[in-house]
Ligand SMILES: [Zn+2]
Ligand SMILES: [Zn+2]
C-alpha cells in the first residue's frame, strides 16, 4: 500500500533508488526496515540531503516518515533541512521512535543554548500533555546531558502548570495565578508560595538597604505584569531624583542623555551670579564700586564709572557745616550763636537730603547689574551653562535694547557649539527663549524657523523641545496655541514628516507633543490633509479660501479668528450683502461654522423665506436645524453655504482620515536616534524621559 503512495514521488529517480525505496516499504518488522533504510541511504550517496528535503516537504505521512528515518547518521544536516523537518516532527501520525531518533539527529551540532534547539524540541513535544512532554524531554536529555534549550522548554512548561490559590482554593495557571493573587487578595507569588506585600518586602529588607529593597520590590511587581499605581509613582519619584527614566519593559532605571534643565542665575539687589561668573554693584564708604568676574579672571574691579561723586562730597560738606554750627554755638556771643547754629543745621540737612536723593540709582540696581552683565561679562564668556543661566535670569528684567546685539552673538555661538556637540541643547534653548520674550513684535515666526532647523537635523531637536517647554510654561492663550500648532505642523509636513512621525516625535519629546497636541491624532491628520491639498486647492469651485497655515502668518487676524475656532482648517470670506461688512465662513475640524450655527453634516435643502412686516421683515434662512435672519436678500450667501457644506462636510472632511494610512517614514528614526538609549537591565531600545516611564522605541533601528 505505501509503495503505491510513494511510487509517484520517486518516478523520476534512477531505478536503484526506486527499488531501494520499494525495499523499505516492503520490509517486515523494525529491524528489517532499518536495514532497508540503510540500503536506501547507500543507494542515494551524496544525493541524500536533497532527497530528504524533498520527502520532508511532502504532506503524506509515509514520505515524511521516510524523510525522518533517513536523518540519523546523515552528515551535512543544514539549516534548511532543520527548518523543513519541524513540521514532520509535529506530525502525530508518524511513529514516536522515528521522531525521537530524528530529533536527536537534528539536535546534534546545534548550539545547545540557542533558539534553534528550543524550536526543535518544541516541535517534537507539540500537542502533548504536560506529563508526556516531561517524559519525552527526559528521553532526549539522557543523550544530551540536559542542554540549556531543554531548560527553556521546561520553564515554558512550568508557566502552564496549575496552582491552587491558598486563600480561595481556585485552580489557575501560574501566570494567571500571580494576577489573581494580586488583584483578589493583594498577595504576591514568590516561587510556589503566596506572600503578602509586607512579607515579600521584609524578605528583601534582610538582604538590601531599605531604599533599594523598595525599588526592587516595585520593579518586580510591575515586571510581573501586575498593575500598581503606588509602585509606578514611587519609581517615577525615585527616577526624578536621580534625573533618570524608568524602562517601560522591565522598570529598571535608564540614564537620560540630556542633563537636567538649568536654573536661572542667582540674583540679589545689585548682584547677579552663575557658575562663578558675577556682576556686583556695591557701595564702600559712600563710593559706588563695580566688580565683574568670569569663572577664570576678574574683568573689572574699581569705582563704578557711571556713578557720580556728588553724594559723597555732599555728605562731606554736611559734616563740615555741622562742625561749624557746633563751634559757632560754643564760641559766638548771644544771640548770634543761635542764628549761626540754626543756619548750619539747616544747610547740613539740605546737603544730606541732596546726597540721599542723588545716591539713589535711577534704575533698579538688579536691572543695572543685568545690563552690565550683557554688556561686559557675557561677550567674554564661551557658550555654556553660565550664559544660559544668566539669560534665564534676564527674562522680563533689564533693558532688551541694551542686550540685543550681545544676545544675537551669544545665540550664534551657542548654535555653533550645539551643532558640534560641544554644549548640550539645554544651553541653547534659554537664549532662544530670552530672544522670544524680548521681541516686542511677533516672535513666533522666528521660533518656528528654529524648529524647522532642528527638525531638518541641523540642530538638536531637544533644543526646540526646550524652547517649546519655556513657551508652554508661559501659558500662551488659546489662539496662540492654535497658531503655534498650525505653524509647527506646516514645518513638520514640509520637511517630509507624516502624521504618525509627528505623533512618535511627540512621544519622544513631550514639549513637542503638547505644542502639536499629538494626543488629538484626528485633528493632526486634518491639518496634514489640508497641507497636502494646499496646492491643488480642491475647494476653489466653492470660492477662494485661506488655509489655516496662510492665516497663521498674519498674527493679528489669526489671534482674532483662532480664539473662537482653534480647530480652523479653511477660512472663507462671504460676499457682502448691502452695506453690511462681509461675514466669514469658518471651516473647522468639528464642522462648518457660520455666525453661531455649527453644521456637522450637509443640511440637505436650504430654504429661504420672506418674513412678514409684523415680524420685523427681512428674510429667514433655514440651514439644517438653524434659522438665520437677514435684512437683504441672502441669495449669494445661500449659494455659498450650500456649495461649501456639500463639499466640505460631504467630501473633504471624510477624506481627511486618508493621511493616516501612511506609516512612519525613514526620517523618523534619524530624528529619534539621538534620544534612543538601551536599558542597562534588559538591553531593549528605550527613549528615556527624565522622571517618567520611558517610551518604547521598537521601530527605531
Ligand atoms: Zn484566590
Ligand atoms: Zn529594561
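Points worth noting:
- Meets criteria (under 20 Å from residue 7 (Cβ atoms) and in contact (Cβ under 8 Å) with a residue 12 or more places away in the chain) for residue 71: no
- Residue match in region 298-319 (condition: touching a residue at least 40 places away in the same chain (Cβ under 8 Å), surrounded by 12 or more Cβ atoms within 10 Å (Cβ to Cβ) and within 44 Å of the chain's Cα centre (by Cα)): yes
- If the condition is being out of contact with any strand residue (DSSP E or B) (no Cβ under 7 Å at 6 or more places or on another chain) and closer than 13 Å to residue 594 by Cα, then region 641-658 contributes no residue at all.
- For region 196-214, filtered to residues that are within 18 Å of residue 252 (Cβ to Cβ) and under 33 Å from the mean Cα position of the chain (by Cα), the residue that is surrounded by the fewest Cβ atoms within 10 Å (Cβ to Cβ) is 211.
- Test: residue in region 12-22 that is modelled with pLDDT under 85 and surrounded by 14 or more Cβ atoms within 10 Å (Cβ to Cβ): yes
- Qualifying residue in region 374-382 (condition: crowded, with 17+ Cβ neighbours inside 10 Å, modelled with pLDDT under 90 and in contact with a helix residue (DSSP H, G or I) (Cβ under 7 Å, 6 or more places away or on another chain)): no
- Only one entry in 373, 410 is in a helix (DSSP H, G or I) and free of Cβ contacts under 8 Å to residues at least 60 places away in the same chain, namely 410.
- Index of the failed condition, residue 644 passing every other in (1) within 16 Å of ligand 2 (Cβ to nearest atom); (2) in contact (Cβ under 8 Å) with a residue 60 or more places away in the chain; (3) surrounded by 14 or more Cβ atoms within 10 Å (Cβ to Cβ): (1)
- Within region 152-175, the set of residues being within 11 Å of ligand 1 (Cβ to nearest atom) and closer than 27 Å to residue 121 by Cα comprises 163, 172.
- Those residues of region 251-263 which are surrounded by 17 or more Cβ atoms within 10 Å (Cβ to Cβ) and modelled with pLDDT of 90 or more, in sequence order: 251, 252, 253, 254, 256, 262
- Here residue 637 clears all of (1) under 30 Å from residue 238 (Cβ atoms); (2) in contact (Cβ under 8 Å) with a residue 60 or more places away in the chain; (3) surrounded by 14 or more Cβ atoms within 10 Å (Cβ to Cβ) except the condition numbered (1).
- Annotation for region 127-137: no member residue is buried (at least 17 other Cβ atoms within 10 Å of the Cβ), modelled with pLDDT under 85 and closer than 17 Å to residue 68 by Cα.
- Index of the failed condition, residue 226 passing every other in (1) away from ligand 1 (no atom under 16 Å from the Cβ); (2) over 21 Å from residue 690 (Cα atoms); (3) touching a helix residue (DSSP H, G or I) at 6+ places or on another chain (Cβ under 6 Å); (4) not in a helix (DSSP H, G or I): (1)
- Only one of the listed residues (26, 58, 69, 7) is exposed (fewer than 14 other Cβ atoms within 10 Å of the Cβ) and at pLDDT 85 or above. That residue is 26.
- Within region 557-578, the set of residues being farther than 22 Å from residue 522 by Cα and assigned to a loop (DSSP other than H, G, I, E, B) comprises 574, 575, 576, 577, 578.
- Whenever a residue of region 155-178 is touching a residue at least 24 places away in the same chain (Cβ under 8 Å), its partners that are within 16 Å of ligand 2 (Cβ to nearest atom), lying with C-beta atoms within less than 6 angstrom and at least six residues away or across chains, give the pairs 178/224.
- Residue match in region 269-277 (condition: exposed (fewer than 13 other Cβ atoms within 10 Å of the Cβ), modelled with pLDDT of 85 or more and under 12 Å from residue 369 (Cα atoms)): yes
- Residue check for residue 522: in a helix (DSSP H, G or I) and surrounded by fewer than 17 Cβ atoms within 10 Å (Cβ to Cβ): yes
- Some residue of region 217-239 being surrounded by 15 or more Cβ atoms within 10 Å (Cβ to Cβ), touching a residue at least 24 places away in the same chain (Cβ under 8 Å) and over 30 Å from residue 508 (Cα atoms): no
- For residue 546, the requirement of being on the phi < 0 side of the Ramachandran plot and touching a residue at least 40 places away in the same chain (Cβ under 8 Å) is not met.
- Of the residues making up region 51-64, those that are within 14 Å of residue 10 (Cβ to Cβ) and either over 52 Å from the mean Cα position of the chain (by Cα) or in contact (Cβ under 8 Å) with a residue 60 or more places away in the chain (or both) are 51, 52, 55, 60, 62, 63.
- Check on residue 99, touching a helix residue (DSSP H, G or I) at 6+ places or on another chain (Cβ under 6 Å) and either assigned to a helix (DSSP H, G or I) or on the phi > 0 side of the Ramachandran plot (or both): yes
- Any hit, region 180-198, residues being more than 30 Å from residue 110 (Cβ to Cβ) and more than 16 Å from ligand 1 (Cβ to nearest atom): yes
The values are calculated or read from the model by the stated rules, or taken from the named source; none is laboratory data. All values reported here derive from a predicted model rather than from experimental measurement. Every residue, glycine among them, receives a Cβ derived from its backbone with ideal geometry; neighbour counts consider all protein chains shown.
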